[in-house]
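**Student:** Sharing a structure with you now.
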Amino acid sequence: MRYKILDALPVYGPMPVAIPDTFYSVGFPVQFFKSDGTDWVANFAPGETDFNGIYPLLQSEHVLVISGGTGYVMHPDRETVIELCGCDVENLFILEDGRMVLQERMSLTVIEVDGTCWDTERISWSGMKDLHVHGNVVSGLAVAYDGNYDEHWVEFRYDVDKRELAGGGYDWE
């Protein structure tokens with residue numbers, strides 16, 4: 001394993017690398033172990049949710065770090081963000097082929113096995129719940145509003161392979 005989640009920032013050694021570089025508080029600290037035997041500590045700024053974690057990518061040495069709902073694709077040898085993926089992540093699902101789907105408040109973000117990511121179109125006005133995965137299809141409930149602006153839940157299905165949405169609550173028509 002080339003990373004370790006820390007309980008706190010280290011008190012000795014080099015200064016942790018702030019990610020992003022304008023972040024100056026205690027966030028989600030992760031120690032990375034480089035291929036040359038050295039290590040470094042990243043201090044990730046938290047996002048807007050309570051979701052934290054680190055997940056290795058299937059066909060890459062990259063890892064996905066989620067700090068308070070903000071997703072960062074990182075390589076243990078590099079002290080910079082490779083790609084920013086997701087901003088208000090509430091849950092994560094791993095598909096059978098190793099891709100990851102990040103549940104956000106109004107859409108999904110898909111992390112490919114090589115670390116690239118892409119966003120779906122907006123699925124909900126203001127929230128999703130009861131998501132589950134069958135094969136490469138994500139389904140669940142999304143917030144919709146009727147003509148009287150009353151909130152209700154509607155079903156949706158998103159086919160990750162085809163990048164197609166059926167249903168959902170965000171419709172301008």
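**Student:** Which condition breaks for Val101 when tested against (1) aliphatic (A, V, I, L, M); (2) surrounded by fewer than 19 Cβ atoms within 10 Å (Cβ to Cβ); (3) touching a Leu at 6+ places or on another chain (Cβ under 6 Å)?
**Tutor:** Only one criterion is unmet by Val101, namely (2).
**Student:** May I ask you to list pairs of residues, at least six apart or on different chains, whose Cβ atoms are under 6 Å apart, with the first in segment 25-45 being under 13 Å from Met74 (Cβ atoms) and the second being of a type in the set (Gly, Ala, Ser)?
**Tutor:** Hits for this filter: Phe28/Ser67; Val30/Ala42; Asn43/Ala18; Asn43/Gly27; Phe44/Gly27; Phe44/Ser67.
**Student:** While we're looking at this one, here's another question. Return yes or no: is Met100 over 17 Å from Gly71 (Cα atoms) and in contact (Cβ under 8 Å) with a residue 12 or more places away in the chain?
**Tutor:** Numbers: over 17 Å from Gly71 (Cα atoms): no; in contact (Cβ under 8 Å) with a residue 12 or more places away in the chain: yes.
Considered against the rule, which asks whether it is over 17 Å from Gly71 (Cα atoms) and in contact (Cβ under 8 Å) with a residue 12 or more places away in the chain, Met100 comes out as no.
**Student:** Can you tell me which residue in segment 115-138 is modelled with the lowest pLDDT, limited to those that are surrounded by 14 or more Cβ atoms within 10 Å (Cβ to Cβ) and in contact with a Leu (Cβ under 7 Å, 6 or more places away or on another chain)? Write out each step before concluding.
**Tutor:** Taking segment 115-138 and keeping what is surrounded by 14 or more Cβ atoms within 10 Å (Cβ to Cβ), we get 115-117, 119-120, 122-125, 127-128, 131, 133, 136-138.
From what is left, the residues that are in contact with a Leu (Cβ under 7 Å, 6 or more places away or on another chain) are 115, 120, 123, 128, 133, 136, 138.
Values: Gly115: 90, Thr120: 97, Ile123: 97, Met128: 97, Val133: 97, Asn136: 96, Val138: 98.
Among those residues, the one meeting the criterion is Gly115.
**Student:** Answer yes if at least one residue in segment 151-173 is small (Gly, Ala, Ser), within 17 Å of the chain's Cα centre (by Cα), part of a loop (DSSP other than H, G, I, E, B) and surrounded by 16 or more Cβ atoms within 10 Å (Cβ to Cβ), and no otherwise.
**Tutor:** Of all residues in segment 151-173, those small (Gly, Ala, Ser) come to 166-169.
Imposing the further condition that a residue be within 17 Å of the chain's Cα centre (by Cα) reduces the set to none.
No; the residues of segment 151-173 include none that is small (Gly, Ala, Ser), within 17 Å of the chain's Cα centre (by Cα), part of a loop (DSSP other than H, G, I, E, B) and surrounded by 16 or more Cβ atoms within 10 Å (Cβ to Cβ).
Conditions (1) within 11 Å of the chain's Cα centre (by Cα); (2) surrounded by fewer than 18 Cβ atoms within 10 Å (Cβ to Cβ); (3) among the basic types (Lys, Arg); (4) modelled with pLDDT of 95 or more, marked per residue:
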{"residue": "Ala8", "(1), (2), (3), (4)": "no, yes, no, no"}
{"residue": "Gly13", "(1), (2), (3), (4)": "no, yes, no, no"}
{"residue": "Phe23", "(1), (2), (3), (4)": "no, yes, no, no"}
{"residue": "Val30", "(1), (2), (3), (4)": "no, no, no, yes"}
{"residue": "Asn52", "(1), (2), (3), (4)": "yes, no, no, yes"}
{"residue": "Ile66", "(1), (2), (3), (4)": "yes, no, no, yes"}
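**Student:** State yes or no: is Glu61 more than 15 Å from the chain's Cα centre (by Cα), at pLDDT below 95 and within 23 Å of Val110 (Cβ to Cβ)? Write out each step before concluding.
**Tutor:** Values: more than 15 Å from the chain's Cα centre (by Cα): yes; at pLDDT below 95: yes; within 23 Å of Val110 (Cβ to Cβ): yes.
Yes.
The values are calculated or read from the model by the stated rules, or taken from the named source; none is laboratory data. Everything quoted here is computed from the prediction, not taken from an experiment. Counting neighbours? That spans all protein chains shown, and the Cβs are built from the backbone with ideal geometry, glycine included.
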